[in-house]
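Reviewing the structure listed below.
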Amino acid sequence: MFKRISKYWWCQIAGWAAYFVVNIFFAYSYQGSIDRSYTINLLLIIFFGLVATHLLRSILQRINWFQYSFESQMLLFFGLTVGAGVIIYVGNIAVGNLFRDLGQQRAFTDLKTVNFLLPIFLITAIWWLIYFVWHYIDRSRNTQVDKLKLESTVKELELKTIKSQLNPHFIFNALNSIRALVDENPQRARTAITELSNILRSSMQVEKAETVSLENELSIVKDYLALETIRFEERLKVEYDIDPETLELPIPPMMLQTLVENAIKHGISRIITGGTVLIASHVNNMQHEITIENTGQLSASGPGFGFGIQSTRQRLSMLFGSRASFNIYNKDGEMVEVKVVMPLV
């Protein structure tokens with residue numbers, strides 16, 4: 001039953017109960033006793049305080065007070081304070097006189113009675129101040145949560161969009177490699193199809209993941225390179241320099257495969273004698289550093305301006321922000337190097 005009571009009513013009950021206890025405590029401390037008229041007067045203040053604040057709150061909710069300017073809200077605060085105070089004042093005197101003796105009854109215009117307004121206005125001002133501040137904080141928190149949810153949704157959609165673009169791009173290039181083998185060497189073509197199925201199975205498993213382990217990504221890359229080795233034969237040499245401690249570190253899915261694919265497409269395939277692809281992974285200065293070197297030279301129309309490189313930059317930025325970096329450059333007169341630096345997660 002208590003779970004059905006809203007926070008608002010819990011605050012109303014607790015606040016007015018505290019008001020009752022504090023007044024009884026101080027009255028008893030100073031007077032040594034509490035008479036019947038004081039208790040009735042206090043209970044009437046609490047009763048009409050509940051009625052006034054709840055009634056005016058209902059009106060406040062209907063007018064959607066957050067849409068008003070700050071100045072208008074201050075005027076509204078003042079009006080609510082006075083309005084609630086007047087309701088408590090009138091109700092206390094009108095109903096209270098029913099319980100008072102003829103000699104103790106109060107008049108609305110009596111000076112002593114009017115002085116009773118000041119503490120009533122103070123009580124209602126405190127009530128409305130708490131109410132306004134509570135809703136400002138609650139609204140600000142909800143706005144911040146909604147903003148974070150929206151940013152998270154946008155990032156998730158962007159990542160899914162990039163993945164959906166990467167997979168067809170990769171499949172197209174892999175099928176081209178297999179097509180070149182069908183007439184020339186059917187047995188090797190069957191082997192290539194098996195390797196491609198392994199790659200597709202792995203890529204489907206990581207479709208929903210924002211990151212995968214380097215070990216899983218390397219297995220896809222090795223299958224891909226096995227396909228390319230069939231096509232390039234002796235023209236393609238692959239070397240690995242992988243620190244075993246980095247195998248469990250997370251990286252964006254299909255990132256390494258995309259970079260290796262670019263190295264072959266824009267480097268090795270353009271050189272008659274072929275070349276070498278070196279894949280390295282190490283921890284350096286508390287950061288995960290991946291480098292891919294390939295024979296060739298970077299030009300204005302090269303991989304630095306292609307979709308694969310752009311998507312890699314986007315994914316690193318969305319996943320790690322400024323903590324990750326991506327660079328591609330001519331290492332010397334013969335080799336191009338891609339360096340990806342990510343934080344240790």
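Quick notes on this one:
- As a fraction of the 1.4 Å probe accessible area of region 29-94, surface on carbon and sulfur atoms comes out at 67 percent.
- FRET efficiency, residue 191 to residue 145 (Cβ-Cβ, R0 45 Å, nearest 0.05): 0.30
- With distances taken between every two different alpha-carbon atoms, region 217-267 has a Kirkwood hydrodynamic radius of 11.9 Å.
- Rg and Dmax of region 11-70, based on Cα coordinates, read 16.1, 51 Å.
- Taking amide H atoms as placed 1.01 Å from N in the peptide plane, the amide H of residue 335 lies under 5 Å from those of 296, each 5 or more residues away in sequence or on another chain.
- Projected label points at residue 269 and residue 25, each 7 Å from Cα along the beta carbon direction, are separated by 8.1 nanometres.
- Heavy-atom accessible surface of region 218-345, averaged per residue, reaches 45 Å², computed with a 1.4 Å probe.
- Relative packing of 335-344, 313-322, 175-184, which averages over residues the other C-beta atoms within 10 Å, highest first: 335-344, 313-322, 175-184
- The accessible surface of region 218-345, taken with every protein chain in place and a 1.4 Å probe, is 51 percent carbon and sulfur.
- What the pair-distance distribution of region 205-290 shows, using all Cα-Cα distances binned every 5 Å from zero, is 3, 13, 25, 22, 17, 12, 6, 2 percent.
- In this simple spin-label approximation, residue 243 and residue 51 carry label points 7 Å from Cα along the Cα→Cβ vector, and these lie 7.6 nm apart.
- Among the listed pairs 149/331; 147/331; 7/147, those beyond 32 Å (Cα-Cα): 149/331; 147/331
- Segment residue 136..residue 66, full-extension length gain: 24.3 nm, with 0.36 nm per residue of separation and the alpha-carbon distance subtracted.
- The 1.4 Å probe gives accessible areas that order 28, 240, 89, largest first, as 28, 240, 89.
- Cα centroid separation, region 1-52 to region 327-345 (Å): 72 Å
The values are calculated or read from the model by the stated rules, or taken from the named source; none is laboratory data. Everything numeric in this text was worked out from a predicted model, so none of it was measured. Positions of Cβ are generated from backbone atoms using ideal geometry, with glycine treated the same way; all protein chains shown enter the neighbour counts. Please note that ligands, DNA and RNA were not included when accessible areas were found on the heavy atoms of the full protein model with its side chains. Shrake-Rupley method; radii C 1.70, N 1.55, O 1.52, S 1.80 Å.
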